[in-house]
Amino acid sequence: MVARFLFVFLFAFPVNIFGQSFSNNAKDWFPFTPTNTVEPGIIGIEHWLDAPAGKHGFVQNEEDKLVFEDGAEIKFWGTNICSRLPYVEAEKADSFVNFVAKYGMNAVRFHKFSWYAYHNNKSTEFDPEKFERFDYFQAKLREKGIYYGWSHIYGHRVMPGDSSRLLAYSEIKNLEYPWAHLNGSTSSLVNFAPDLQQLSIDLTVNMLNHINPHTGLRYADDPALAFIEFQNEDNIFWGAIGRSLEQAPTYRSLLCRQFSQWLKKKYNSQAGLVKAWGTENIPEGESLERENIFPDPNHGLFSWEYETALKENRPMATHVLDKMRFLYERQVDFYKKFEQAVRETGYKGVLVASCWQAGSGISHLYNLHADYEVGMIDRHNYFGGGAGGHRMTEGTVKNTPLISLPGSGLLSTGLQDVVNRPFSFSEWMSLVPNEWTAEAAPLIAVYGLGLQGWDTSFSFATDIPRFSRYLQSEGHGVYNATSPLHMGLYPALARMIYRGDVTESPVIATRNVHIPSLAEGELGFTELVRQGYDDKSFTGTVTPEMLAIGRFPVQFAEQNMETEIPDVSEYWNEATKIITSVTDELKWSYGDKNFVSIDTKGTKGIIGFAQNEKVNLGDWQIETDNPFAVILITELSEKGNLQSSDKILVTAVARAKNTGMEYEHSENKTILKSEGDKPLLLEPVNAKISSKNLKNFEVLVLDHDGLITGRKVPVQEGNFTIDGAEYKTLYYLIIKN
């Protein structure tokens, strides 16, 4: 079979990217043309949803799992629905519900939506008409067996009706951030200011006490409300707090007063403080008497001090250690007050503090522990994208594949997993125009929710109740969850996750953290965080590659303990450049060819650059002539046994592009020359597939909605070859006769 690949180059010869040769033949790419029917067809998984949501009681934390009150465990595989979309009319809400149900999502994270429904000029009351639409949307999700969570506060914007409650309303109302959507909000300052905290608490309590007329339940009594997040992407260490404090002198004075009182309690006097800190670390004019000592709440400063102390092999400065400890305590105080108020409503579901970072080392771990004190650990990460930031534009493309470094990028977020807490990945996406976005969802499903045992995934974001007609999202720019390279893989991935096809790793070793010892700068391992804006990477004593082996979570210990990492060479062969999971089901090759192989009872597959490799997966073998592809072979039923299955779904995707889209590649750079337009085109996938145990079967071609077309793939001696250029699809069905 002749390989068929795209690229429109400004030169005629093939280009070598990550060891793979890409020709400029584009003629066989085909339009992606689903009708977006919610008819389940072969791929639909709505019937797997355990309706109605909430039938097993509230979802709660039990050690590191999410468990219903009746003892059943649950993993959530869902998406974000944001902004004004929670308030859509009933017909559109129905469309969203039916769409996400077909593609197997059992949960929705409603995100950053409270801004749009304030009422009576107050930020703690909801517009009745909009809330009724929101009630309907959630009730319909509940009927389908789809749970929902609230990430309702992303910077609490203040309103004139709040003014009498605040120390300095005008200061908050006029705040300007580098991100315009946070202007006029309590973001960052809320973490230490009680008056601002009470706004968020009152809003949340009012929402929980509201009765949904469609269910007859207060939300506090609704077990389909799986979790509540206190605040999105915020904490007291966040670097943006410095700029906001410059504009809010009343709140700066409050923070300084709190810190000065904390220092006086610790050191008793100015002399004691000078002895501990040194005169050079107390700015002129600051003193305990004036109560104006500033705690420099900026994770950039704390990271710099931590990393510099490591390089210079010296202790961290005492003044920095004190500032971090103080800020941590203020953060915990806020979260505990919020937690108490929510629990007093009677709500028994899962709580999330926030989902943001706080630099490297000690500030990072203080922040992680503050989240741990509340409940489930939740984090965000993004990968790829290009020159346009949130929007796709011509220019440089961040075109590195995730698959090129084991455990990197999105997966490295899992280095924040903690013993005795569930772990949630509530915002993530591989961003276009990166060409390899098809790799992301299967990697998160296989290594994140599978091997690492994560408990939730919410891709960002679903803006329309259908597939996008473009490479980019029609509502969220480069964040396109409704791509066939993403959601088109969900019929296979959701089945794999819900069945538990990938065996969870045991804990191989823990990185031990003793919170009281952090105040002395004592940490028995290295932890480094690199952050752009939404994109982050993590490394340290435990490297990202080790996540391809198994679990190495953080443990908050009751005493100071050594962190001992065992020899992992049994699983990490640096000579062959293959990392094998401790479960022996997953292999990550990162040498000449970068790809992952999946070999479980219910799912087989390859992800990445496996051109012309005969990949043996138990009784199955896959060989593709595509330089890059994702090929998944999944048992359709809930039994999860390919060997005894009568129906097997084959999903095969590679790259996608807009019509007329052009990239230019050089050795070290990729440039998007033209964005193109609809329709969206898919690269055909060609692969030879065989199984020693498959006898007397046929292979049917499905259309882009997963419906049977009537076309068949020839089968010869137990082998068949899918030819994407001929069949122009991403789905095939194996049926035993």
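The values are calculated or read from the model by the stated rules, or taken from the named source; none is laboratory data. Only a predicted model underlies this, so the values are computations on that prediction, with no experimental measurement involved. Cβ placement follows ideal geometry from the backbone for every residue including glycine, while neighbour counts extend to all protein chains displayed. SASA here: full protein model, heavy atoms, side chains in, ligands and nucleic acids out. Shrake-Rupley method; radii C 1.70, N 1.55, O 1.52, S 1.80 Å.
Data overview
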quantity: So F326, is it outside any helix (DSSP H, G or I), modelled with pLDDT of 95 or more and at negative phi; calculated: no
quantity: Residues of region 84-115 that turn out to be among the hydroxyl-bearing types (S, T, Y) and either within 28 Å of H704 (Cβ to Cβ) or without any contact (Cβ under 8 Å) to a residue 24 or more places away in the chain (or both), as a count; calculated: 2
quantity: Answer from S589, S581 - the residue that is closer than 25 Å to L449 by Cβ, among the small types (G, A, S), modelled with pLDDT of 95 or more and in contact with a Phe, Trp or Tyr (Cβ under 6 Å, 6 or more places away or on another chain); calculated: S589
quantity: Filter result for V97 (in a helix (DSSP H, G or I) and either more than 27 Å from N480 (Cβ to Cβ) or not aromatic (F, W, Y) (or both)); calculated: yes
quantity: Residue match in region 719-728 (condition: in a strand (DSSP E or B), among the aromatic types (F, W, Y) and under 31 Å from the mean Cα position of the chain (by Cα)); calculated: no
quantity: Residues (of a type in the set (D, E) and in contact with a Lys or Arg (Cβ under 9 Å, 6 or more places away or on another chain)) located in region 71-102; calculated: E73, E89, D94
quantity: Matching residues in region 325-358 - criterion: being in contact with an Asp or Glu (Cβ under 8 Å, 6 or more places away or on another chain), of a type in the set (V, I, T) and open to solvent by 10 Å² or more (accessible area, probe 1.4 Å); calculated: V332
quantity: Tabulated pairs, region 547-559, first farther than 11 Å from N512 by Cβ, second crowded, with 24+ Cβ neighbours inside 10 Å and acidic (D, E), C-beta under 6 angstrom, 6+ apart or interchain; calculated: none
quantity: Residue pairs meeting the criteria (Cβ under 6 Å; at least 6 apart or on separate chains; first open to solvent by less than 10 Å² (accessible area, probe 1.4 Å), in region 704-715; second hydroxyl-bearing (S, T, Y)); calculated: D705/T35; D705/T37; G706/Y731
quantity: Sole exception among (1) open to solvent by less than 20 Å² (accessible area, probe 1.4 Å); (2) over 24 Å from L327 (Cα atoms) for D592, by number; calculated: (1)
quantity: Test: residue in region 360-369 that is out of contact with any Gly (no Cβ under 9 Å at 6 or more places or on another chain), modelled with pLDDT of 95 or more and not in a helix (DSSP H, G or I); calculated: no
quantity: Unique match (being of a type in the set (S, T, N, Q), touching a residue at least 40 places away in the same chain (Cβ under 8 Å) and within 30 Å of A224 (Cα to Cα)) among N174, N206; calculated: N206
quantity: Residue satisfying condition, being out of contact with any Asp or Glu (no Cβ under 9 Å at 6 or more places or on another chain), of a type outside the set (A, V, I, L, M, F, W, C) and at pLDDT 95 or above, within set P465, P506; calculated: P506
quantity: Qualifying strands (runs of 3 or more DSSP E) (wholly inside region 608-653; at least 3 residues being open to solvent by less than 10 Å² (accessible area, probe 1.4 Å), closer than 17 Å to W588 by Cα and touching a strand residue (DSSP E or B) at 6+ places or on another chain (Cβ under 8 Å)); calculated: 629-635
quantity: Criterion (at pLDDT below 95 and among the basic types (K, R)) met by exactly one of K75, K55, K27; calculated: K27
quantity: Residue match in region 676-691 (condition: open to solvent by 40 Å² or more (accessible area, probe 1.4 Å), in a loop (DSSP other than H, G, I, E, B) and farther than 13 Å from V650 by Cβ); calculated: no
quantity: Exclusive hit being small (G, A, S), buried (at least 24 other Cβ atoms within 10 Å of the Cβ) and in a loop (DSSP other than H, G, I, E, B), set G414, G450, G407; calculated: G407
quantity: Which listed residue is on the phi > 0 side of the Ramachandran plot and polar (S, T, N, Q), from N420, N399; calculated: N420
quantity: Residue among D534, D584, D592 that is assigned to a loop (DSSP other than H, G, I, E, B) and without any contact (Cβ under 8 Å) to a residue 40 or more places away in the chain; calculated: D584
quantity: Qualifying residue in region 317-330 (condition: touching a helix residue (DSSP H, G or I) at 6+ places or on another chain (Cβ under 7 Å) and more than 21 Å from R257 (Cα to Cα)); calculated: yes
quantity: Number of positions in region 467-514 that are touching a strand residue (DSSP E or B) at 6+ places or on another chain (Cβ under 7 Å), open to solvent by 20 Å² or more (accessible area, probe 1.4 Å), more than 22 Å from L451 (Cα to Cα) and not charged (D, E, K, R); calculated: 1
quantity: Members of region 84-104 that are buried (at least 19 other Cβ atoms within 10 Å of the Cβ) and closer than 26 Å to D234 by Cβ; calculated: L85, P86, Y87
quantity: Residue within region 63-71 that is open to solvent by 20 Å² or more (accessible area, probe 1.4 Å), touching an Asp or Glu at 6+ places or on another chain (Cβ under 6 Å), at pLDDT 95 or above and not β-branched (V, I, T) present; calculated: yes
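Residue-wise test of (1) more than 24 Å from the chain's Cα centre (by Cα); (2) of a type in the set (A, V, I, L, M, F, W, C).
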residue: E564; (1), (2): yes, no
residue: V568; (1), (2): yes, yes
residue: A575; (1), (2): yes, yes
residue: K587; (1), (2): no, no
residue: I598; (1), (2): no, yes
